[in-house]
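*Asks:* I'd like to ask some things about the structure below.
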6 protein chains.
Amino acid sequence: MSSLDSLNHFNVLGEAHMVDVGEKTVTIRAALAAGEIVMAVATLECIESGRMGKGDVLGVARIAAIQATKKTWELIPLAHPLLLTGVEVELTPAYDPARIVCRSEVRCAGQTGVEMEALTAVSVGLLTIYDMCKGIDREMLLQNIRLLRKDGGKTGLWERDQTSYPPSA
Amino acid sequence: MSSLDSLNHFNVLGEAHMVDVGEKTVTIRAALAAGEIVMAVATLECIESGRMGKGDVLGVARIAAIQATKKTWELIPLAHPLLLTGVEVELTPAYDPARIVCRSEVRCAGQTGVEMEALTAVSVGLLTIYDMCKGIDREMLLQNIRLLRKDGGKTGLWERDQTSYPPSA
Amino acid sequence: MSSLDSLNHFNVLGEAHMVDVGEKTVTIRAALAAGEIVMAVATLECIESGRMGKGDVLGVARIAAIQATKKTWELIPLAHPLLLTGVEVELTPAYDPARIVCRSEVRCAGQTGVEMEALTAVSVGLLTIYDMCKGIDREMLLQNIRLLRKDGGKTGLWERDQTSYPPSA
Amino acid sequence: MSSLDSLNHFNVLGEAHMVDVGEKTVTIRAALAAGEIVMAVATLECIESGRMGKGDVLGVARIAAIQATKKTWELIPLAHPLLLTGVEVELTPAYDPARIVCRSEVRCAGQTGVEMEALTAVSVGLLTIYDMCKGIDREMLLQNIRLLRKDGGKTGLWERDQTSYPPSA
Amino acid sequence: MSSLDSLNHFNVLGEAHMVDVGEKTVTIRAALAAGEIVMAVATLECIESGRMGKGDVLGVARIAAIQATKKTWELIPLAHPLLLTGVEVELTPAYDPARIVCRSEVRCAGQTGVEMEALTAVSVGLLTIYDMCKGIDREMLLQNIRLLRKDGGKTGLWERDQTSYPPSA
Amino acid sequence: MSSLDSLNHFNVLGEAHMVDVGEKTVTIRAALAAGEIVMAVATLECIESGRMGKGDVLGVARIAAIQATKKTWELIPLAHPLLLTGVEVELTPAYDPARIVCRSEVRCAGQTGVEMEALTAVSVGLLTIYDMCKGIDREMLLQNIRLLRKDGGKTGLWERDQTSYPPSA
């Protein structure tokens, strides 16, 4: 937790605004986020077998995640529009518990960071998996959506202390 | 987990398509989803005090969540466009751990369900909170985004077994 | 002014929601809105001559107005998505003062009205004229954007009392 | 009125195009626009009391106005996409006549101005107020939507002559 | 060519409007469109090998095509918003000349047809292939984008006379 | 066909990503694309007469084409968002066969090219003509949508060899 004591999306009257970043330097910005969708073992097996022979759940989710980064400024009211220069999304099956882990890295040169773009990519990628598998498993659960690393800007590199928050982080 | 053994977003060749729901009956559909963003105690206190006097983090997040329901078909590649008739979003501060709990209920009359709309509302509402508070707490964590209940359609009412998946569900 | 005494976009806790219209009857809805952009005489002459021979300011504004009706639910946070069945936009030059008058009529069959769609069409049509003419006249002024008539729904036909609010209405 | 005698959104054949601004210098751009929605006294009282205890009409309208600046290039056919760096929206109740005054200031570093973004913010903010209050007052009227000031670009600072156009400007 | 002698997207003054379809009956609508992208043999081989082992050009294009059907009303100014119930997209490699053939079938229950949705799906699917392969083949060519069949509405079934227009149709 | 032998929209695992262009130099980018819609002679005559007196099919199509350039990054999953600085669209009637030829030139200063924006403009412009004329001619055919020239970036100027691909190119 930083030493700041106020939320800078509000002005002195407490009214929301889009923070003026016009004075900030243009630097290379990067952010890495991750999260997972926990599911029944049978659901994961279905996705994995589908990847081999038929349906490509993870391929569709990857595209949805990439496209979501470009819509972040539409979804998050006070986010700034940004010209993203690169997006990578990785979707990895894992067991115990059965889940798909999504990681997304976003980069741009800009006056504000791309944390929200990376987190939005992860969220929408996982929601797309939910959508494609909900016919067989309504109990799936999105978990641990979080920022792992960000770089650029005045505060420079930040990395999550992987021991600080619990579960499968 | 249902007895179905295939993912109906893929045809017999395993290629993604938007499932034809044209033969389904139009019924009243409803879905209730929930999730939470876990944060430092100081962050939650900052949000709560802001709500009283100045900045309205939860008010902005509620609007973002409502609007996201209307964009679900744009975000989720194989989701159908739907005419939502009602959306409610509830954002509740809680402690141990410090967090904001988001619940969203979505309703429409249609040929397919609104589960994705409710889950998208919760996700975007929580991401908006992250955006507005990230200046003071980058370690916030989205948790337990899940469907609690859905009604309508051929399968009718379904309610989550609240004992099945762990944490604060 | 109706006899209602509360704003139905808020629930009992005063939190915004998208009002549930699921119980309302589907009826034919129509709304007619109008407004104008007041400008220098030379600007209006430029638009009018352009219409004859070269540039079609009003043709572009008409398209922008029609398209805006389809984006109303994206712009107005608590508006419902609707399946519009028809949109007409009329742009008429007038003098004393020099201005373009925009009128838009929108129709649909639905559970809620199309007043916002008609008003949004007028606003965006007039803004488009501003955009195309601002190079020669920054002082243009949008005026008198208002609902003239609405029909359908529980309250049926309503027509504006043209004597109630002043100017060129 | 400037000394230019043609509309630069049209080429020599009078066909609309998106004006090429590629040769223009990148400068800091700012624009301030304003407008108001005139309403019944009882409606304004309802909004004001709601602000205190329950529903936050102005909070929702402020968010809608901010988001609209990011959609201006979608709404106005020949507007250029821009990377806005800051947006502020102010909504102030006033009496005689009863109204909410909206002012919006938008900033970016770019090759073209942000006048349309500021005017679109004001228009959508006022339309959102109409939407939320139309259940009790259909006669509300959007008035005096205009540019007050713009800065940056080749022509530099411009300020509206507040005496030139009439009413409550 | 039908016996109609006027374009119904214009009113009697020749001004564009969104045709009112409110009086039309709701019927099941379907449309099948097709088109192709002609390319160098080496490009096609690269796509085909990619499909087997690595990159899935056709999988990404299929998703883009499906999503484009949901944005047709945004792209085509006078198109009506529609609630699509099903979309299928088929992408088939062919030789002599080397090409990918795209076919898309769209269905809905509505008051107007889905021809534009099917044609837009084909166009965007082929453009996506162009995008993903342009690094190795800028000369690719989109060809023969056309309606093959439509059903529903007052005019009922229509099928293209496959002998009427030439090439590889 | 270039000497590259792989599709750079896929990483080494064959998974789609948005290629990182952050290391590329910002240069002036331009692209010129073209295509045509072939139609019955009577349809073309109807468009041409309409242009003179009443409906402006080509005016509406031009606006749709311009606006589509600004939505290219939404339509094409792996396309980068770009700040376009200029767009021109030309729609020219021609005979033998009867057709409208669409050419579009797009420009920006950026780290990646605008080929997709120019091709998307042409496609959407032609689709809009189809939409407005389909009531009298369902057999219209989009043909020869292709890149004619691009400039800027590491590879600099490229011009299509007009003899390489057949028909009316």
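Where a number appears in this text, it was derived from the coordinates with a stated rule and is not lab data. A quick note: this is a predicted structure, and the numbers were derived from the prediction, not measured. Every residue, glycine as well, gets a Cβ built from its backbone with ideal geometry; the counts of neighbours run over all protein chains shown.
*Asks:* With an 8 Å Cα cut-off and a minimum separation of 6 or more residues, compute the relative contact order for chain D in percent.
*Replies:* Numbers: 318 pairs, mean separation 56.2, N = 169.
It comes to 33 percent, rounded to a whole number.
*Asks:* Mind listing the phi-derived Karplus ³J(HN,Hα) values for region C:28-40, rounded to whole Hz, using 6.51, -1.76 and 1.60 with θ = phi - 60°, and x for any glycine or proline?
*Replies:* Going residue by residue, I get 6, 10, 9, 8, 10, 10, 8, x, 8, 10, 8, 8, 5 Hz, with x marking Gly and Pro.
*Asks:* Taking the Cβ of residue A:134 as the center, what net charge do the other residues with Cβ under 10 Å away carry, scoring Lys and Arg +1 and Asp and Glu -1? Walk me through the intermediate numbers first.
*Replies:* On the way: positive: A:138, B:150; negative: A:131, A:137, A:139, B:115.
Charge balance in the 10 Å sphere: -2.
*Asks:* For B:49, F:123, what ranking results if the residue with the fewest other Cβ atoms within 10 Å of its Cβ goes first? Walk me through the numbers before you get to the answer.
*Replies:* Details: B:49 11, F:123 31.
Placing the least packed residue first, the sequence is B:49, F:123.
*Asks:* Taking the alpha-carbon distance from residue A:24 and a cut-off under 18 Å, which lysines remain once sequence neighbours fewer than 8 residues away in the same chain are dropped?
*Replies:* Residue A:24 reaches A:150, A:154, B:134.
*Asks:* Run the label-point distances for residue A:24 please: 7 Å along Cα to Cβ, every other copy, nanometres, shortest first.
*Replies:* Label point to label point, same position, other copies: 2.5, 2.5, 4.1, 4.2, 4.8 nm.
*Asks:* How far apart, in nm, are two points set 7 Å out from the Cα along the Cα-to-Cβ line at residue A:8 and at residue F:157?
*Replies:* Result: 4.6 nm between the two label points.
*Asks:* Shifting gears a bit: What FRET efficiency do you get for residue C:109 and residue D:96 if R0 is 56 Å and r is their Cβ-Cβ distance, rounded to the nearest 0.05? All intermediate terms of the calculation are to be shown ahead of the outcome.
*Replies:* Values: r = 42 Å, r/R0 = 0.75.
Efficiency computed from Cβ-Cβ geometry: 0.85.
*Asks:* What ratio of Cα Rg to 2.2 N^0.38 Å holds for the protein assembly as shown?
*Replies:* Numbers: Rg = 26.8 Å, N = 1014, 2.2 N^0.38 = 30.5 Å.
For the protein assembly as shown, the normalised Cα radius of gyration comes out at 0.88.
*Asks:* Further question: Through the Karplus equation 6.51 cos²θ - 1.76 cosθ + 1.60, θ set to phi - 60°, convert the phi angles of region F:145-156 into ³J(HN,Hα) values in whole Hz; use x for Gly and Pro.
*Replies:* Once θ is set to phi - 60°, the couplings for region F:145-156 become 7, 7, 7, 9, 7, 9, 9, x, x, 5, 8, x Hz.
*Asks:* Please turn the phi angles of region E:126-133 into ³J(HN,Hα) values with the Karplus equation 6.51 cos²θ - 1.76 cosθ + 1.60 (θ = phi - 60°), one per residue in order, whole Hz, x for glycine and proline.
*Replies:* 5, 4, 5, 4, 4, 4, 7, 10
*Asks:* Kindly put C:102, D:133 in sequence by how many other C-beta atoms sit within 10 Å of each C-beta, fewest to most. Show your work: numbers first, answer last.
*Replies:* Values: C:102 28, D:133 23.
Final ranking by Cβ density, sparse to dense: D:133, C:102.
*Asks:* Run the Debye formula on the Cα coordinates of region E:24-151, all scatterers equal and no solvent, and tell me log10 I(q)/I(0) at q = 0.14 1/Å.
*Replies:* Reported log10 I(q)/I(0), two decimals: -0.58.
*Asks:* Here are some pairs, C:71/D:70; E:70/F:70; A:71/E:71; which of them have Cα atoms lying more than 25 Å apart in this structure?
*Replies:* Details: C:71/D:70 14 Å; E:70/F:70 17 Å; A:71/E:71 14 Å.
Too far apart for the 25 Å limit: no listed pair.
*Asks:* Using the number of other C-beta atoms within 10 angstrom as an exposure proxy, rank E:155, C:43 with the fewest first. Intermediate results must be reported in sequence, preceding the final value.
*Replies:* Values: E:155 12, C:43 24.
Ranking E:155, C:43 by Cβ neighbours within 10 Å, fewest first, gives E:155, C:43.
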